[in-house]
């Protein structure tokens, strides 16, 4: 896993031809494929199970960027200390403010899902994008999400 600051995350997107919106956040174009909206469940166990289903159909191989773009919307539902300690287990001592993005290699899928678990449990805005532009997962603090993959037209959400 590689940690990235905001400008490095923007550069990663640009290098991988992933467009950014007016706020310099990912805005991939999937005009040729329909995405799938889903609700994020209230129950923590169901949130983790939802991640398993989402990543089952997410393309494997290549690099994947996980970029947390907003947090602190629901401070009573998050524990930044837990995330800080989690980052420390990877040898990273900077704060989420300093390194909000993470690049995972093809052999780091479980690490990717674990990082995404923090985002879905704490209701952080989070983009997960493949380097080949084949898939995009967005998790929102508004308890909803969106997923799209060019490789599979039907994404299983349950």
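Residue count for region 56-81, restricted to those that are more than 26 Å from residue 97 (Cα to Cα) and within 12 Å of the chain's Cα centre (by Cα): 1. Somewhere in region 12-23, is a residue free of Cβ contacts under 8 Å to residues at least 12 places away in the same chain and part of a strand (DSSP E or B)? Yes, some residue in region 12-23 is free of Cβ contacts under 8 Å to residues at least 12 places away in the same chain and part of a strand (DSSP E or B). Looking at residue 60, is it exposed (fewer than 13 other Cβ atoms within 10 Å of the Cβ) and either assigned to a helix (DSSP H, G or I) or touching a strand residue (DSSP E or B) at 6+ places or on another chain (Cβ under 8 Å) (or both)? So residue 60 fails the test.
Answer with yes or no whether residue 92 is exposed (fewer than 15 other Cβ atoms within 10 Å of the Cβ), over 17 Å from the mean Cα position of the chain (by Cα) and in a loop (DSSP other than H, G, I, E, B). For residue 92, the condition - exposed (fewer than 15 other Cβ atoms within 10 Å of the Cβ), over 17 Å from the mean Cα position of the chain (by Cα) and in a loop (DSSP other than H, G, I, E, B) - is not met. Checked across region 123-130, the condition of being at pLDDT below 95 and either assigned to a loop (DSSP other than H, G, I, E, B) or over 18 Å from residue 74 (Cα atoms) (or both) holds for at least one residue.
Looking at this structure, is residue 75 over 21 Å from residue 8 (Cβ atoms), out of contact with any strand residue (DSSP E or B) (no Cβ under 6 Å at 6 or more places or on another chain) and surrounded by fewer than 11 Cβ atoms within 10 Å (Cβ to Cβ)? So residue 75 passes the test. Taking region 119-134 as the range and being more than 25 Å from residue 80 (Cα to Cα), in contact with a strand residue (DSSP E or B) (Cβ under 8 Å, 6 or more places away or on another chain) and surrounded by fewer than 23 Cβ atoms within 10 Å (Cβ to Cβ) as the test, the residues that pass are 131, 134. For the residues 156, 106, 135, 116, the requirement of being under 21 Å from residue 7 (Cα atoms) and either in contact with a helix residue (DSSP H, G or I) (Cβ under 6 Å, 6 or more places away or on another chain) or at pLDDT below 95 (or both) singles out 116.
The values are calculated or read from the model by the stated rules, or taken from the named source; none is laboratory data. All values derive from a computational prediction rather than experimental measurement. Backbone-built Cβ (ideal geometry, glycine too); neighbour counts: all protein chains shown.
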